[in-house]
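Some notes on the structure that comes next.
The values are calculated or read from the model by the stated rules, or taken from the named source; none is laboratory data. Computed from a predicted model, the values in this text were never measured in an experiment. We place every Cβ from the backbone using ideal geometry, glycine too, and count neighbours over all the protein chains shown. These accessible areas exclude ligands, DNA and RNA; they are computed on the full protein's heavy atoms, side chains included. Shrake-Rupley method; radii C 1.70, N 1.55, O 1.52, S 1.80 Å.
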Amino acid sequence: MPHATLPDGRRLFHISAGQGRPLVLLPGLGTDHTVWGRQFPALGKHFRVHALDPRDAGRSDTAPQAYSIRDMAADVAAFIEGLGEGPALVAGWSMGGAMAQELALGWPHLVRGLALVATYHEGDRRADERFHAMLRARQALPYEEYLRLSMPWAFCYQTYERPGFVEDYIQRALALPHPQPAEAYARQMTATL
């Protein structure tokens, strides 16, 4: 599986498939490219799809120090430039949507359009306190217990009520071959604040 090497030498893991206009998929906090697994094959019929593992997730390199969402967007900008496929459509879920917005603001020449899924544009006191509480829970609890605790906070009512959705999500997260360590989650969480 391929890794893109960034200018500073760090590597971002990605999977790519399909033909057509480039479409870059960015996952949310604590997740990797596999979060797009159900959409990836269908999107590959219409686009050249690239699903990334951001820094500190999946098979991408870990970060040696703290960083911001803008830093993560800079990683995506370097990735898109390295593709040489021209401006990309960018879809981001949650934290990935925040990265996509920063990408569009900082590197508009690389972005053809955005699809923002369950994301945010800036924090507020309630969100900051909720994220700090989630971070404390992730650091204190076994991973499965943390997942079960965080699901009501992570999904809207309609999604949460879909039969089997939450349990399926938890089981897929537990089955990831490259789970995110708690310290990497903490760095990503801190970037969102």
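A few remarks follow.
- Residue in segment 114-124 that is in contact with a helix residue (DSSP H, G or I) (Cβ under 6 Å, 6 or more places away or on another chain) and open to solvent by less than 30 Å² (accessible area, probe 1.4 Å) present: no
- Q158 among the polar types (S, T, N, Q), at pLDDT 90 or above, buried (at least 18 other Cβ atoms within 10 Å of the Cβ) and farther than 16 Å from V35 by Cβ: no
- None of V24, V35 is within 21 Å of Q101 (Cα to Cα) and open to solvent by 20 Å² or more (accessible area, probe 1.4 Å) except V35.
- Note on segment 75-190: enclosed helices (runs of 4 or more DSSP H) holding 2 or more residues that are closer than 20 Å to A4 by Cβ are 95-106.
- Qualifying residue in segment 55-64 (condition: modelled with pLDDT under 95 and touching a helix residue (DSSP H, G or I) at 6+ places or on another chain (Cβ under 7 Å)): yes
- Residues in segment 166-180 that are touching a residue at least 24 places away in the same chain (Cβ under 8 Å) and closer than 21 Å to P54 by Cβ: R172, A173, L174, L176, H178, P179, Q180.
- Residue that is nearest to T192 (Cα to Cα) [pool: residues in segment 51-73 that are open to solvent by less than 40 Å² (accessible area, probe 1.4 Å) and free of Cβ contacts under 8 Å to residues at least 40 places away in the same chain]: A73
- Every residue from segment 6-31 that is closer than 21 Å to E81 by Cα and either at pLDDT below 95 or in a loop (DSSP other than H, G, I, E, B) (or both): L6, P7, D8, G9, R10, G18, Q19, G20, R21, P27
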